[in-house]
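The values are calculated or read from the model by the stated rules, or taken from the named source; none is laboratory data. Since we're looking at a predicted model, the values are computed, not measured. Glycine also receives a Cβ, built like all others from the backbone with ideal geometry; neighbour counts cover every protein chain displayed.
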Amino acid sequence: MAGGGLGTSLLLMAGIVAAVGLCRRLTRRRLRSRPLLCTFLLEMLSTFQICACTNELYLLGSNPEPGPHIGLTLTYGFTVLHGLTLPGSTCNPCGTLQPMWGGETSVKMGGLKISAQFAAAVLARAFMHFLWRMGMAEPHLGTLWQGCGHPMQTTEMQAFCIELLFSVVFQLTILRAESVSPKYRVHLIALLITMLVYAG
């Protein structure tokens, strides 16, 4: 991939982060009197940011030219960026279910957040496909016509065991990270995610 393709993708992701940040700020200001709608939109915007950037990072990662160190650097950098720009958002149904089962969040609020997350995932995918059709960068050209591939390069049982192991390691680290200072917690989680991406 040419440097212009990587640069265009980085600008695209930075634009998404900036637009979502602006929309989150406006949502907090304008919808303070309507907490359910405000919660729904904040969760939806946050999940949209993560899903859109993840789609673009996956596209960049599927191209072998820049090398694995670029992909891992981008994974770490964008994980830190998401952690710093999306405070208070879970952006993940599992992250929403955990406080629901612990009684910290009502079923109504949990359901609202999960529906926002699924809506945002669908919107982010449609939005990224729209942008990819425009062919703004080299990696975008022909992306939609490549079809679905089979990403697992192992047996289903090995993939299940690896996923189970990584899930346990990730959850234990997250629970342990609650005692870490907030300014270091984001970097600890980003490092963990980057290591799991590298190992997986």
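Some points to look at:
- Test: residue in the stretch 98-108 that is surrounded by 17 or more Cβ atoms within 10 Å (Cβ to Cβ), at pLDDT below 85 and either among the polar types (S, T, N, Q) or closer than 16 Å to Ile193 by Cβ (or both): yes
- Cβ-Cβ distances below 7 Å connect the following pairs, each with a first residue in the stretch 144-165 that is at pLDDT below 55, a second residue that is surrounded by 10 or more Cβ atoms within 10 Å (Cβ to Cβ) and assigned to a helix (DSSP H, G or I), and a separation of six or more residues or different chains: Met152/Ala159.
- Some residue of the stretch 46-60 being more than 17 Å from Ile16 (Cβ to Cβ), more than 11 Å from the chain's Cα centre (by Cα) and not small (Gly, Ala, Ser): no
- Cβ-Cβ distances below 9 Å connect no pair with a first residue in the stretch 71-90 that is closer than 12 Å to Thr54 by Cβ, a second residue that is crowded, with 21+ Cβ neighbours inside 10 Å and among the aromatic types (Phe, Trp, Tyr), and a separation of six or more residues or different chains.
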